[in-house]
Amino acid sequence: MSDTRHTRVLIIGSGPAGYTAGVYASRAMLEPILVQGIEPGGQLTTTTEVENWPGDTEVQGPDLMIRMEAHAKAMGCEIIGDIITSLDTTQRPFVAQGDSGTTYTADAVILCTGARAKWLGLPSEEAFKGFGVSACATCDGFFYRGQEIVVIGGGNTAVEEALFLTNFASKVTLIHRRDELRAEKILIDRLMKNPKIAPLWHHVLEEVVGTDNPKGVEAVRVKHVETGEITEIPCKGVFVAIGHAPANELVKDVLELHNGGYVKVEAGSTRTSIPGIFAAGDLTDHKYRQAVTSAGMGCMAALDAEHWLAEQE
């Protein structure tokens, strides 16, 4: 049996942006409903140690998200374990359909569906995610001080991550399937001048090699794209830097997008191209992609929604 729930503010997504929006919308007495989505807690639930969250020298990613959820609940946000499968923005109130059969209607919507790192899809890559395989240098680079690591990719993301990782690693091998990078010229110039970075052209990652007890990466096997020859490179960390994909499936055909699918918001706000629809966090942020910036945008979105709702009255 399906039912319909109405709320002043519907928050879709449950990472730092979603939970922070829940805290602020609750404090504004908007009685928000937050629908968690397919991965409650977002990308931080696949991260282990977090050392750049203000106020915590070190915190486990999943623990931080449990605390954020509890905080939003304590403020009065109703949190529902459901997945929004469609969002109708053509009528007011807006109508969202839940996978559970519940229909949610809302005067305003805050989108916090995040982004997902693109992966290569190798079984060995999956096996060592969080144990030496990462898609975030700023999250995890610190753990590889004095170690040899590899970066996979050839665009801006890969070059920026390789450069950043030289702050910690003793050597960074950049593995790219072609013999030239697709990054900005200034970044390529910096990379080529950095003595810690060794590009390996015409190769692709074939397998991540490691141990199970303790679980960790020991090397990678790479394949030459022309000869098929396999080479093993010792390393302690593997950073897959082939880009991110914003989780824009609900709105990709109705909201204005930019930079490869990220939801475009007005400068200095979280307003999207449809009045009453707001967006925060990695869904809109192709540049920073940090938990703290996502949380800040969640705050902005709730305040923007509060002001917009007041204007409608």
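Values in this text are rule-based calculations from the coordinates and carry no lab data. If you're wondering where the values come from, they're calculated on a predicted model, not measured in any experiment. Note: ideal-geometry Cβ built from the backbone for every residue, glycine included; neighbour counts use all protein chains shown.
Which is farthest toward the positive dipole end of the chain among 312, 165, 20, measuring Cα position about the Cα centre, with Cβ charges +1 (Lys, Arg) and -1 (Asp, Glu)? Working it through, the farthest residue towards the positive pole turns out to be 165.
Across region 211-222, coupling constants 3J(HN,Hα) worked out from phi with the 6.51/-1.76/1.60 Karplus curve, θ = phi - 60°, read 10, 9, 9, x, 6, x, 7, 10, 6, 10, 9, 10 Hz, and Gly and Pro carry x.
Only DSSP H runs of four or more residues enter the estimate; each adds -39500 (n - 2.57), and after division by the residues of the chain the mean residue ellipticity at 222 nm equals -7500 deg cm²/dmol. Extent along the principal axes, Cα only, for region 119-240: 42, 35, 22 Å, with the longest axis given first. Each Lys or Arg adds one and each Asp or Glu takes one away; over the other residues whose Cβ falls under 15 Å from the Cβ of residue 251, this sums to -2. Close amide H pairs (under 5 Å, H built 1.01 Å from N) link residue 249 with no residue at least 5 positions away or on another chain. Sorting 101-107, 187-193 by their mean Cβ neighbour count within 10 Å, with the most densely packed peptide first, gives 101-107, 187-193.
Computed on region 220-289, the Cα convex hull volume stands at 131 Å³ per residue. Pairs from the list 118/185; 215/287; 171/236 with a Cα-Cα gap above 20 Å: 118/185; 215/287.
Compared with the direct C-alpha span, the chain from residue 66 to residue 92 gains 6.1 nm at full extension, assuming 0.36 nm per residue. Note on residue 258 and residue 202: the model spin-label points, each 7 Å out from Cα along the C-beta direction, lie 4.0 nm apart. Annotation: amide H of residue 117 within the under-5 Å range of 245, sequence separation 5 or more or interchain, hydrogens built in the peptide plane.
Dipole check for region 132-200: with +1 at the C-beta of Lys and Arg, -1 at the C-beta of Asp and Glu, and the Cα centre as origin, the magnitude is about 140 Debye. Between residue 167 and residue 189, full extension at 0.36 nm per residue minus the direct alpha carbon distance yields a gain of 6.2 nm. A Förster distance of 51 Å, applied to the separation of the beta-carbon atoms of residue 119 and residue 311, puts the FRET efficiency at 0.75.
Give me the tail of P(r) for the chain as a percent: Cα-Cα pairs with distance above 26 Å. Summing the P(r) tail past 26 Å for the chain gives 50 percent. Of the trypsin sites (Lys or Arg not before Pro) in region 57-121, the ones in a loop by DSSP (not H, G, I, E or B) with at most 15 other beta carbons within 10 Å are 118. This model, with +1 at the C-beta of Lys and Arg and -1 at the C-beta of Asp and Glu, gives the chain a dipole about its Cα centre of some 640 debye.
Tally the DSSP beta bridges in the chain and give the antiparallel ones as a percent, rounded to 5. Percentage antiparallel, nearest 5: 50.
Based on DSSP H assignment, which helices of the chain show an axial Cα extent of at least 24 Å together with a mean Kyte-Doolittle hydropathy greater than or equal to -1.0?
291-312
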